[in-house]
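Structure first, then comments.
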Amino acid sequence: MTHPAERYLERCKELVERVEAQAAVVRTAADWFAASILAGRMVHVFASGHSRIMVEEMWPRYGSFPGFNPIVELSLTFHNPVVGSNGQRQAMFLENVTGLAERILRNFDVEATDSALIISSSGCNLVPIEMAEGFRRKGVRVVSIVSLRHSAATATRHAGGARLQDVSDLVLDTGAPVGDAMVTIDGLDTPVSPGSTVGGCMLVNAIKAEVADRLTRAGQPPKVLTAAAVIGADRATALFESAYDEHARRLAKLYEGLGDAST
């Protein structure tokens, strides 16, 4: 008899296999993202709910680099109060309010040279779907990360019946099961321990590694946030400062044309 922790880890091995099977799609996503970064533009990364974890996994953290614009709306992702002001009920309500995605995108001067990564475990909540639709209307290619089995079993909130994967140019699957939780416990009638974050973070970092390779081969090696324990305190500090400065310069371009007739 295996213990619950062992069963969870066995299921995680299945997620690794699912991610490995998508290597060609990961490489295509990296091609698109690297092209945006090499053009001086950014990859917009968005999620609501706990999928926010993958946004912050992409940038900024150790082992990551500039070129990604993390769009994190606290009203959709600030979970720790749970109840009361800024509680989970409000966040779950807001992620299905039509028109909110349009107001978020209004803050950025998006160009077709940009690209986007949108993460949603269900692929059925309204704001991520409308974010993808908004990016595509601007000519931006959209990559989505979805738990496809869970999405297929979940009712979409989109009036037209679309799911995130339906309005994306490229789709990656976390491999998580219906309901996300992966472990059953004797005497407990509901499963525990989700898997979408495991699959999602593997996909994000696989893409990140491929993008870094492309930027380096193109003669523009990325400024990677790196621990002092690896490269020494002075160089680590210099990399952090230069990476943040580069991020600021790239981000500034996203505000330059706001209010123009074209935006």
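The values are calculated or read from the model by the stated rules, or taken from the named source; none is laboratory data. Given the structure is predicted, the values throughout are model-derived calculations rather than measurements. Neighbour counts are summed over all protein chains in view; Cβ atoms, including those assigned to glycine, are modelled from backbone coordinates with ideal geometry. Heads up: the accessible areas ignore ligands, DNA and RNA and are worked out on the full protein's heavy atoms, side chains in. Shrake-Rupley method; radii C 1.70, N 1.55, O 1.52, S 1.80 Å.
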Might you let me know whether the range 238-259 holds any residue that is under 21 Å from Leu126 (Cβ atoms) and in contact with an Asp or Glu (Cβ under 8 Å, 6 or more places away or on another chain)?
no
Please go through the range 19-33 and give me each residue that is of a type in the set (A, V, I, L, M) and either in a helix (DSSP H, G or I) or in contact with a Ser or Thr (Cβ under 9 Å, 6 or more places away or on another chain) (or both), ordered by number.
Val19, Ala23, Ala24, Val25, Val26, Ala29, Ala30
Mind telling me which of the residues Ala176, Ala116 ends up being small (Gly, Ala, Ser) and either open to solvent by 30 Å² or more (accessible area, probe 1.4 Å) or within 30 Å of Glu10 (Cβ to Cβ) (or both)?
Ala176
State which residue is surrounded by the most Cβ atoms within 10 Å (Cβ to Cβ) when the search covers only the range 66-105 and only residues that are part of a helix (DSSP H, G or I) and charged (D, E, K, R).
Glu102
So, in the range 250-263, of the ones that are part of a helix (DSSP H, G or I) and exposed (fewer than 11 other Cβ atoms within 10 Å of the Cβ), which residue ends up modelled with the highest pLDDT?
Ala252
Glu56 being under 30 Å from Glu241 (Cβ atoms), open to solvent by 10 Å² or more (accessible area, probe 1.4 Å) and in a loop (DSSP other than H, G, I, E, B)
no
Any idea which residue in the range 193-218 is nearest to Ile145 (Cα to Cα), counting only those that are open to solvent by less than 60 Å² (accessible area, probe 1.4 Å), not polar (S, T, N, Q) and not in a helix (DSSP H, G or I)?
Gly195
Condition check: surrounded by fewer than 17 Cβ atoms within 10 Å (Cβ to Cβ), over 20 Å from the mean Cα position of the chain (by Cα), among the hydrophobic types (A, V, I, L, M, F, W, C) and farther than 29 Å from Val143 by Cα. Does Ala229 satisfy that?
yes
Going through the range 136-168 in order, the residues found to be farther than 30 Å from Ala5 by Cβ and touching a residue at least 60 places away in the same chain (Cβ under 8 Å) are Val140, Arg141, Val143, Arg157, Ala159
Out of (1) crowded, with 21+ Cβ neighbours inside 10 Å; (2) part of a helix (DSSP H, G or I), what's the single condition that is false for Val142?
(2)
In the range 193-235, what residues are of a type in the set (S, T, N, Q) and over 16 Å from Tyr62 (Cβ atoms)?
Ser193, Ser196, Thr197, Thr216, Gln220
Test for Ala132: is it buried (at least 23 other Cβ atoms within 10 Å of the Cβ) and part of a loop (DSSP other than H, G, I, E, B)
no
Would you say Thr190 is open to solvent by 60 Å² or more (accessible area, probe 1.4 Å), of a type in the set (Ser, Thr, Tyr) and outside any helix (DSSP H, G or I)?
yes
Sort through Ala39, Ala24 and tell me the only one that's without any contact (Cβ under 8 Å) to a residue 24 or more places away in the chain and surrounded by fewer than 22 Cβ atoms within 10 Å (Cβ to Cβ).
Ala24
May I ask you to list pairs of residues, at least six apart or on different chains, whose Cβ atoms are under 9 Å apart, with the first in the range 238-263 being over 21 Å from Ala227 (Cα atoms) and the second being part of a helix (DSSP H, G or I) and modelled with pLDDT of 95 or more?
Arg250/Ile37
